[in-house]
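Since the structure comes first, as structure tokens, the remarks are kept for the end.
The values are calculated or read from the model by the stated rules, or taken from the named source; none is laboratory data. Keep in mind that what you see is a predicted model, and the values were worked out from it rather than measured. Cβ atoms come from the backbone with ideal geometry, glycine included; neighbour counts cover every protein chain shown.
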Amino acid sequence: MVQHEFISPQRETDLQRNGDANNELLSAQAHIWNSTFSFINSISLKCAVQLGIPDIIHQHVNQYHQPMTLHHLVNALPINPAKSQFIHRLMRILTHSGFFQKEKIGEEEGYSLTPSSKLLLKDNPLCQTPFLMLNLDPVSMNPWHHLSQWFQENSNVDGSTAFVTCHGKSPWELSGNEPRLNQLFNEAMICDSRLVSKLVIENCGDVFLGLNSMVDVAGGSGTMAKAMIDAFPGLKIIIVLDLPYVVDGLKSCDNLTFVGGNMFQAIPPADAIFLKWILHNWGDKECVQLLEKCKEAIPNKDNGGKVIIIDMVVMKDHQQERNNGTNIIDHEAKETQLFFDMEMMVLVAGIERNEEEWAKLFSEAGFNHYKITPLLGLRSLIELYYY
């Protein structure tokens with residue numbers, strides 16, 4: 001005879017209550033573990049780029065018109081044969097995180113690229129590898145280990161950051177003295193400018209209509225400026241203003257002039273001032289000072305003057321943006337904006353701002369009208385005017 005044990009309603013309630021408590025405890029532990037090990041995604045991706053995995057898979061798929069099996073991938077990699085057995089584990093985490101995908105090839109499986117890994121290919125004009133390599137370089141990573149120390153320091157000096165605590169210098173001072181770091185930074189900014197210029201030209205071209213002259217503040221080697229000249233024939237004059245050591249040796253041409261100087265001291269006059277990913281590097285005081293210099297350099301709105309800003313506008317909790325009917329601000333995107341805000345705090349004493357914080361800066365600098373166009377994913381294009 002089958003025996004059945006009767007569980008009283010009270011006992012069943014207690015078991016349910018204990019089960020819920022245990023599930024909450026285990027969920028909390030898993031959350032801590034996930035955050036503890038989240039660096040593994042980025043470091044694994046860096047490893048894959050250094051080994052050339054995206055390019056190797058891309059070349060195979062182009063040549064054979066099918067995904068690349070693990071066996072072929074291992075044989076193509078520049079690794080010690082004794083380490084071959086571990087490659088599938090590296091690929092497993094990167095497949096899980098969306099950088100590669102697995103597809104069936106008969107009885108086998110093979111790897112192909114995703115849109116994200118295609119942006120890491122060396123021959124992709126929009127390649128984002130330099131940005132990844134800059135931010136995962138030990139010079140950029142080590143300050144994070146000094147963050148709690150920085151919070152405990154007595155220094156309240158403007159510009160104090162965990163980066164300074166770690167290295168004794170700001171990133172600008174360090175890159176000015178270390179050619180390797182300066183090159184990493186310049187390459188990262190160039191790759192970002194190529195991507196942004198493509199999107200701006202395709203989606204925001206009307207912003208530049210009617211402009212005859214423009215100053216690209218901290219425009220580096222002129223990647224963005226050159227793209228603008230090619231796309232907008234009406235722009236007869238573009239001046240790239242940057243620190244003397246950045247523009248030293250760069251050659252000007254008919255429409256493009258490189259000027260060494262300090263943006264906080266003076267900006268050449270023009271119809272428009274262009275600030276791509278500049279203001280987030282600085283605190284409010286410095287931003288107001290810079291925007292005041294911009295205001296001095298341009299005519300008012302009635303005479304065609306404007307400041308064009310490309311930067312993040314941090315979304316509020318639960319706020320959603322829509323682009324052509326597609327939700328582009330989700331949990332991951334908001335988290336990435338918050339990551340950037342922490343990065344600015346740790347490296348350069350900067351900040352990623354929400355709309356109210358931007359509006360406060362604009363008002364304090366003497367501007368009385370702005371327009372935000374959220375067509376650049378995590379970033380927006382902001383037009384700034386005064387009457």
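Looking only at residues in the stretch 271-285 that are out of contact with any Cys (no Cβ under 9 Å at 6 or more places or on another chain) and surrounded by 23 or more Cβ atoms within 10 Å (Cβ to Cβ), which one is farthest from I237 (Cα to Cα)?
So the residue we want is K276.
Under 27 Å from E364 (Cβ atoms), under 25 Å from the mean Cα position of the chain (by Cα) and of a type in the set (D, E, K, R): is that true of K226 in this structure?
no
This table checks each residue for (1) modelled with pLDDT of 90 or more; (2) touching a helix residue (DSSP H, G or I) at 6+ places or on another chain (Cβ under 6 Å); (3) over 20 Å from V200 (Cα atoms).
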site	(1), (2), (3)
K226	yes, no, no
A231	yes, yes, no
D242	yes, no, yes
L250	yes, no, yes
I267	yes, yes, yes
A272	yes, no, no
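Take the residues in the stretch 244-278 that are assigned to a helix (DSSP H, G or I) and without any contact (Cβ under 8 Å) to a residue 40 or more places away in the chain; name whichever of them is farthest from G219 (Cα to Cα).
So the residue we want is P244.
Within the set of pairs 6 or more residues apart or between chains, which connect a residue that is modelled with pLDDT of 95 or more inside the stretch 51-66 to a residue that is surrounded by fewer than 20 Cβ atoms within 10 Å (Cβ to Cβ) and assigned to a helix (DSSP H, G or I) with Cβ atoms less than 8 Å apart?
Here the result reads P54/K118; I56/A76; H58/K118; H60/H72; H60/A76, each pair linking the stretch 51-66 to a residue that is surrounded by fewer than 20 Cβ atoms within 10 Å (Cβ to Cβ) and assigned to a helix (DSSP H, G or I).
So P143 ticks every box in (1) under 12 Å from V348 (Cα atoms); (2) in a loop (DSSP other than H, G, I, E, B) but one. Which box is left unticked?
(2)
Hey, among the residues in the stretch 140-181 that are over 22 Å from the mean Cα position of the chain (by Cα) and closer than 20 Å to C287 by Cβ, which one's modelled with the lowest pLDDT?
Among those that are over 22 Å from the mean Cα position of the chain (by Cα) and closer than 20 Å to C287 by Cβ, it is N156.
Report, by residue number, each residue of the stretch 368-387 that is among the aromatic types (F, W, Y), touching a residue at least 40 places away in the same chain (Cβ under 8 Å) and part of a strand (DSSP E or B).
Y385
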